[in-house]
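Inspection log for the structure reproduced underneath, given as structure tokens.
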Amino acid sequence: MTKHKHILTHGLAAIALTLGTYSAAVSAEDYTKMTPKALAEHLIFKAGGFKLDEATQEGTTVTERQTQDGIQKACSALGSKTIDGDTAAKVNAMARKSIVKPDGGIKLGDWKKGQALARSGFGFRVGHRDDDHSKREPGGNCYACHQLDPNEIAFGTLGPSLAAYGKTRGTSEAMLNYAYEVIYNPHSYFPCTYMPRFGHNKVLTQEQISHVMAYLFDPESPVNQELKPQSW
Amino acid sequence: MLRRTLFALPMALALGTTASAESDKAPEDVLNELINKVDSKYLTQSEQNIMMMPDNPAYWTVDEGEELFSEPRGPKNASLETCDFGKGPGVLDGAYTEMPRFFADTGKVMDLETRLIHCMMTIQGFTKDDAPVKKRHGSGSDMMKLQTYIASKSNGQPWNPPMDHPLERAMRDAGKELFYRRAGSFDFSCKTCHGATGKRIRASVLPSVEFPEEWTKAISWPAYRVGHQNVRSSQHRVRGCYWQMRQGLVKPGSDASIALISFWTDAARGQPAILPDMKR
């Protein structure tokens, strides 16, 4: 008991030192006086819930990772509920403002590079094991949630199927623009979607987005091929 | 004779819900009853795992934990038989399914891992740097042996974390906030993967927090993870999920981790625990 208490107090004191204003005298009992939201924030940022000082691949620390921006806040506030009109309009407006188009227009890159990006779940993980971006390029992990190549059986279903994407939709300027914006910030069309903001959050570069788009639209891409008869 | 049998049947069914009768069930029986009751792709996703459950390698871990539990250990040469997991010193039957809970002696809401560590330090005299306390993961760790044994004593019991103390409710409610809180490079929250039933990440079927009959399997840790070839804990699952979400390292035993576990246990309330479980 005493040793345990000592460690706890020691831990709190260390936090108090780093935060300056935080008092080591804050007891767990005070939790009941906070709103659930305030307590959750307290547990993350002040009660030692996360290793906040760890460096991230984007050159910040975990503190910034855990800090929410406007879209994250608005969408989290929905909890288990489906989105309402006011939130949708607010989130959509924030998303529209965020979109940055590539210099020289939207172009399709190399579908083979896009395929590698769609398959790779590497990148941006921190904590007990860090993804070292200097050793391997981070990916887009599209297959975690979407079907793309109809002949790939290990695809997720959190997002819609994108099989035959270019084949069924064509490659008009409007279509390319739409796909780019969805990848850059999907909340511009689907407010509070589960899909990451690959461009806005700097998960994928402009060049990488062009490769992923080639994987979706290029007639040569496996995404736009027929389903092969099963050999088994 | 027939009348007597008919009369006795409701009695037997009523008695079937008591602790002694439930603990006779094997974990796979508990799972199969759920499968017969509801339609869930998550519960049925691995026929091979269900078939292997009678030979779950976690049973070795349970046996090793049972030995460790009663063995006098540590600087104080004491066993853990006086450790109170919420139902009285040394009482393990049904203790785990009623955790996390508030403990008056620490003034905190504690999950199984933090409570176990508390007892190892106070009763047995281990320090936080001693291997039995420090090493939290892997079937070979004392921590996983003890946790798996203690949890196995709640197999088939309905999850029933107490919510009588205001701190228990505060932690559960904050845990709910954490569950739905989006952050990090991918904007993910726990809901991203666990908000709907029947969805997949790649080939893995995901459990929904809103479907208690499948959620009970999701939170039935310790479980032997076939892909890891190790028994894993609730704390290991929390750490892994935050890592995959591209959020920061959640500290083991932190109030944030316990709040999340309080919420997720409450979400499975009333459903039987599958302990030890076997997962992909």
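Residue check: is residue A:149 modelled with pLDDT under 95 and charged (D, E, K, R)?
no
From B:144, B:171, which residue is closer than 23 Å to residue A:78 by Cα and in contact with a strand residue (DSSP E or B) (Cβ under 9 Å, 6 or more places away or on another chain)?
Exactly one of B:144, B:171 is closer than 23 Å to residue A:78 by Cα and in contact with a strand residue (DSSP E or B) (Cβ under 9 Å, 6 or more places away or on another chain), namely B:171.
Check segment A:176-189 and report whether any residue there is more than 25 Å from residue A:72 (Cβ to Cβ) and not aliphatic (A, V, I, L, M).
yes
Restricting to segment A:48-67, give me the number of residues that are within 7 Å of another protein chain (Cβ to nearest Cβ), touching an Asp or Glu at 6+ places or on another chain (Cβ under 9 Å) and under 15 Å from residue B:245 (Cα atoms).
Final tally of qualifying residues: 2.
Kindly indicate whether residue B:28 is modelled with pLDDT of 95 or more, under 29 Å from residue B:210 (Cα atoms) and part of a helix (DSSP H, G or I).
Against the criterion (modelled with pLDDT of 95 or more, under 29 Å from residue B:210 (Cα atoms) and part of a helix (DSSP H, G or I)), residue B:28 qualifies.
Counting only residues that are under 21 Å from residue B:49 (Cβ atoms) and within 9 Å of another protein chain (Cβ to nearest Cβ), which one in segment B:178-204 is surrounded by the fewest Cβ atoms within 10 Å (Cβ to Cβ)?
B:203
Residue check, residue A:205 against (1) surrounded by 22 or more Cβ atoms within 10 Å (Cβ to Cβ); (2) over 24 Å from residue A:151 (Cβ atoms), all met but one. Which one?
Of everything listed in (1) surrounded by 22 or more Cβ atoms within 10 Å (Cβ to Cβ); (2) over 24 Å from residue A:151 (Cβ atoms), residue A:205 misses just condition (1).
Given the condition outside the structural domain of residue A:71 (by TED's automatic domain parsing), under 18 Å from the mean Cα position of the chain (by Cα) and surrounded by 20 or more Cβ atoms within 10 Å (Cβ to Cβ), answer yes or no: does some residue in segment A:161-179 qualify? First the steps, then the outcome.
Filtering segment A:161-179 for residues outside the structural domain of residue A:71 (by TED's automatic domain parsing) gives A:161-179.
So of that shortlist, the ones also under 18 Å from the mean Cα position of the chain (by Cα) come out as A:179.
Next cut, surrounded by 20 or more Cβ atoms within 10 Å (Cβ to Cβ) only: A:179.
There is at least one residue in segment A:161-179 that is outside the structural domain of residue A:71 (by TED's automatic domain parsing), under 18 Å from the mean Cα position of the chain (by Cα) and surrounded by 20 or more Cβ atoms within 10 Å (Cβ to Cβ).
So how many residues does segment B:120-153 have that are outside any loop (DSSP other than H, G, I, E, B), within 13 Å of chain A (Cβ to nearest Cβ) and not polar (S, T, N, Q)?
Qualifying residue count, segment B:120-153: 4.
Give the number of residues within segment A:67-104 that are under 16 Å from the mean Cα position of the chain (by Cα) and basic (Lys, Arg).
Result for segment A:67-104: 1.
Check segment B:229-246 and report whether any residue there is crowded, with 24+ Cβ neighbours inside 10 Å, more than 23 Å from residue B:272 (Cβ to Cβ) and without any contact (Cβ under 8 Å) to a residue 60 or more places away in the chain.
Checking segment B:229-246: at least one residue is crowded, with 24+ Cβ neighbours inside 10 Å, more than 23 Å from residue B:272 (Cβ to Cβ) and without any contact (Cβ under 8 Å) to a residue 60 or more places away in the chain.
Scan segment B:84-109 for residues that are among the hydrophobic types (A, V, I, L, M, F, W, C) and either away from every other protein chain (no Cβ under 14 Å) or crowded, with 23+ Cβ neighbours inside 10 Å (or both) and jot them down. Steps first, answer last, please.
Pass one, segment B:84-109, residues among the hydrophobic types (A, V, I, L, M, F, W, C): B:85, B:91-92, B:95, B:99, B:102-104, B:109.
B:85, B:91, B:92, B:95, B:99, B:109, listed by residue number.
For segment B:155-178, which positions are in a loop (DSSP other than H, G, I, E, B) and under 15 Å from residue B:269 (Cα atoms)?
Residues satisfying the conditions are B:155, B:156, B:157, B:159, B:160, B:161, B:162, B:163, B:164.
If you take the residues of segment B:74-99 that are out of contact with any Phe, Trp or Tyr (no Cβ under 8 Å at 6 or more places or on another chain) and among the charged types (D, E, K, R), which of them is farthest from residue B:270 (Cα to Cα)?
Within segment B:74-99, the match that is farthest from residue B:270 (Cα to Cα) is B:76.
Provide a single number: the residues in segment B:159-168 that are out of contact with any strand residue (DSSP E or B) (no Cβ under 7 Å at 6 or more places or on another chain) and more than 7 Å from chain A (Cβ to nearest Cβ).
Number satisfying all stated conditions: 4.
The values are calculated or read from the model by the stated rules, or taken from the named source; none is laboratory data. Since we're looking at a predicted model, the values are computed, not measured. Backbone-built Cβ (ideal geometry, glycine too); neighbour counts: all protein chains shown.
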